[in-house]
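Reading through the structure tokens given below for one structure.
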Amino acid sequence: MNHDARGTADLPHGSPATAEDEAEAARQLGREARGMIGVAWRCPCGRPGVVLSAPRLADGTPFPTTYYLTCPRAVAACSRLEAHGVMAEMSARLAADQALARDYAAAHAAYLADRARLGEVAEIAGVSAGGMPERVKCLHALVGHALAVGPGVNPLGDEAVALIGRFWEPDCGDDTPTRHRRRRRAPEGRTE
């Protein structure tokens, strides 16, 4: 398992990762989930959807993304929102709305406090994820944070979760890895 030196006794959200969780996250991502120490949010089907990552990887590399979105459906939904300009619209509102900026800064502080429970890493001090607190840079990070901590902490993460909706429906418990891969075109234009 990918546990850091502090172990998992003080996880801010979720539960320690099991070998099954690590295998499922690797299947979802198509590679090992770096620094995975826990599952911060589970899909209703029971699979990990957001993993909790150590702030420093085993090789010593700082890793600021504490809450890493792994659910393929949620990842795809965030990518669609990003492609449709949702990040730019959110960033514009953030610049114009002082109350939203204040709440987003509080989400940034909450993210940093959660990571600090896992260990301090000087190289990433003050750096959270997703562009917080000044802009919106990655909806995947904001959705991961919002799902992990629940509603009311990250206003733009909550908004993105609402926009992607119930991505786990229909039941994703029967999804196989091939359902999330890009289809390639056969020479005659048919999808394989």
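Values quoted throughout were computed directly from the atomic coordinates according to the rules given, and no laboratory measurement underlies them. This one's a predicted model, so the numbers in the text were calculated from it and none came from an experiment. Note: ideal-geometry Cβ built from the backbone for every residue, glycine included; neighbour counts use all protein chains shown.
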Measuring from centroid to centroid over Cα atoms, what is the spacing of the stretch 108-170 and the stretch 72-107 in Å?
11
Any residue on another chain or 5+ positions along whose placed amide H is under 5 Å from the amide H of Thr18 is listed here as none
Assign one of three labels to the stretch 15-166, namely rounded, prolate or oblate, based on the Cα gyration tensor with a ≥ b ≥ c the square roots of its eigenvalues; rounded applies when a/c is under 1.5, prolate when it is not and a/b is larger than b/c, and oblate otherwise.
oblate
Assigning unit charges at the beta carbon (Lys, Arg +1; Asp, Glu -1) and nothing else, what dipole magnitude in debye, to the nearest 20, does the stretch 15-166 show about its Cα centre?
240
Among 112-122, 73-83, how do they line up from the highest to the lowest mean number of other beta-carbon atoms within 10 Å?
73-83, 112-122
Which value in nm describes the separation of the simple spin-label points at Arg93 and Ser15, placed 7 Å from the Cα toward the beta carbon?
3.4
Given the peptides 34-41, 164-171, 128-135, arrange them by the average over their residues of other C-beta atoms within 10 Å, most packed first.
34-41, 128-135, 164-171
The ³J(HN,Hα) series, computed from each phi in the stretch 13-19 with the Karplus coefficients 6.51, -1.76 and 1.60 at θ = phi - 60°, rounded to the nearest Hz and given as x for glycine or proline, is 8, x, 9, x, 6, 9, 4
Rounded to the nearest 20 debye, dipole of the stretch 52-129 from Cβ charges on Lys, Arg, Asp, Glu
180
